[in-house]
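Take a look at the structure below.
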Amino acid sequence: MGYKRPMKLFLEQNLLICGFTERDRLHQTNGYIELTLTFTKAGIMALQNEFETNHSFGEIIGKNKKMQHLFTQIQIAAAGDITVLIQGETGTGKELIAKSIHDNSPRKAGPFVVINCTAIPAELIESVLFGHERGAFTGATERRIGMFEQANTGTLFLDEIGDMPLTLQTKLLRVLQEREFQRIGGTSNISIDIRVLAATNRDLQISIQQAFFRPDLYHRLSAFPITVPPLRDRREDIPILADHFLKKYAAATEKTIRDISTDALQMLMQHDFPGNVRELENAVERAVLYETTDRLQPQSLLLHQTRGGSQLATSDPMDATDILTLKEAERRAIIKALKTTGGNISAAARTLGIDRSTLYQKMEKHNLRP
């Protein structure tokens, strides 16, 4: 969604206030605005001084108008018991939003149970959700309590709901309607009192058209839809987020890095961040480890690809001499992440700024194994 004219005026006014030079431009094409920024020291300082408490909602940070609207939506959703569908790209913080809704709801004293529909093998997901009785199938040596039961009186968060198999979507729809189910191999109905939140990085309308997602389940889940904007659509939040992550990881590593240099912040502001906030957090965390001064410098950031440029991110921030194809750069980045984390898929995915399922897909594409 592009910025409309009032947002353009807002940006023009704030660029002037923040001290950007007269060479800075705002281009509007087909309803979208492209920012080309030339930073001044005064502009950088103005942005860095904007870290106010009203720019956050729990662990979610943002002063962009879309984020302020998102905070309002979280408050409204938290006040009731309505089913919420959170949609947004990978790395935008959908689980944080779900947790904020739970933590501010009447169910906050109850459990918050998370199910990643992508991470669980298709043949096990029904057992994980609903549980099973002893002897229900080969290997079922004892009763298992499913996550629906574990979430009773609390909130169940179904992450990546768009990846749930169609056969299970039917069963999930019935549970949402009836608020009861049976364990696999069981004969009695189990009633539950839960709130369901769901999230996806897919366009479920397209999935419905392609017969990958049930329209009736979509309408059941999307009673209260929330869309999370990607980081590239709220660039003014990058300094706030970067400063937050800098303080977090400098404290964790006991380093005395006080702020981010003008050049490093400009590099962050110009990056597209396809991995969104997760990618920004990982970039700052890595940079903190590399940095040897009291101010974060550009050479500590693994961000060599800019919005208008053609440079590629290299495997090491101290070595920008290799010119690689995108495919080879991706392969090397995955190999390095796996080596660095000792083959830990979850940790490697966090380092790369993607989720586990995406990393598995890329590893398969490059014929890589942990």
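The values are calculated or read from the model by the stated rules, or taken from the named source; none is laboratory data. All values derive from a computational prediction rather than experimental measurement. Heads up, the Cβs are rebuilt from the backbone with ideal geometry, glycines too, and the neighbour counts pull from every protein chain shown. We work out accessible area using only protein heavy atoms, side chains counted, and drop any ligands, DNA or RNA first. Shrake-Rupley method; radii C 1.70, N 1.55, O 1.52, S 1.80 Å.
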Most packed first (mean Cβ within 10 Å per residue), the peptides 343-350, 81-88 order as 81-88, 343-350
Residue-normalised value, i.e. accessible area per residue, for the range 107-160 at 1.4 Å probe, in Å², stands at 48
Per the rule of 0.36 nm per residue minus the C-alpha distance, extending residue 167 to residue 216 adds in nm 16.3 nm
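Quick one: grab the alpha carbon gyration tensor of the range 143-290, order the square roots of its eigenvalues as a ≥ b ≥ c, and give me rounded if a/c is under 1.5, else prolate or oblate depending on whether a/b is larger than b/c. Intermediate values should be presented prior to the final figure.
Numbers: a/c = 3.53, a/b = 2.06, b/c = 1.71.
Because a/c hits 1.5 or more and a/b exceeds b/c, the range 143-290 counts as prolate.
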Long-range amide H partners of residue 154, meaning residues 5 or more apart or on another chain whose placed amide H is closer than 5 Å, are 195
Under 5 Å from the placed amide H of residue 259, counting only residues 5+ away or on other chains, we find 296
Checking rank on 91-101, 129-139, with mean other Cβ inside 10 Å and highest first, the result is 91-101, 129-139
Each label sits 7 Å from Cα toward the beta-carbon; between residue 251 and residue 75 the label points are separated, in nm, by 2.5
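From the square roots a ≥ b ≥ c of the eigenvalues of the alpha-carbon gyration tensor of the range 196-252, which class results: rounded (a/c under 1.5), prolate (a/b over b/c), or oblate? Don't skip to the answer; put the middle values down first.
Details: a/c = 3.42, a/b = 2.67, b/c = 1.28.
It is prolate, given that a/c is not under 1.5 and a/b is the larger ratio.
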If every Lys and Arg gets +1 and every Asp and Glu gets -1 at its Cβ, then about the Cα centre the range 190-290 yields a dipole, in debye to the nearest 20, of 240
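Which entries of 327/365; 108/248; 327/362; 66/94; 99/255; 255/339 have Cα-Cα distances beyond 20 Å here? Present the calculation step by step, with values, prior to reporting the outcome.
Values: 327/365 10 Å; 108/248 26 Å; 327/362 10 Å; 66/94 15 Å; 99/255 30 Å; 255/339 25 Å.
The answer is 108/248; 99/255; 255/339.
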Along the range 332-337, Karplus-curve 3J(HN,Hα) (6.51, -1.76, 1.60; θ = phi - 60°) to the nearest Hz, with x for Gly and Pro, reads 5, 5, 5, 4, 5, 5
Under the Karplus relation with 6.51, -1.76 and 1.60 and θ = phi - 60°, whole-Hz ³J(HN,Hα) for the range 124-133, x at Gly and Pro, equal 10, 5, 5, 5, 5, 6, 10, x, 8, 8
For the range 236-250, Karplus-derived ³J(HN,Hα) couplings (6.51, -1.76, 1.60; θ = phi - 60°; whole Hz; x for glycine and proline) come out as 5, 8, 4, x, 5, 5, 4, 5, 4, 5, 4, 5, 4, 8, 5
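Starting from the Cα-Cα distance between residue 83 and residue 145, subtract it from 0.36 nm times their residue separation and give me the gain in nm to one decimal. Could you put the intermediate results ahead of the total?
Values: separation 62, 0.36 × 62 = 22.32 nm, distance 2.31 nm.
Full extension from residue 83 to residue 145 adds 20.0 nm.
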Checking rank on 252-262, 159-169, with mean other Cβ inside 10 Å and highest first, the result is 159-169, 252-262
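To the nearest 0.05, how large is the calculated FRET efficiency for residue 178 and residue 347 if R₀ is 51 Å and r is the Cβ-Cβ distance?
Numbers: r = 40 Å, r/R0 = 0.78.
It comes out at approximately 0.80.
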With R₀ set to 22 angstrom, the calculated FRET efficiency between the beta-carbons of residue 272 and residue 361, to the nearest 0.05, is 0.60
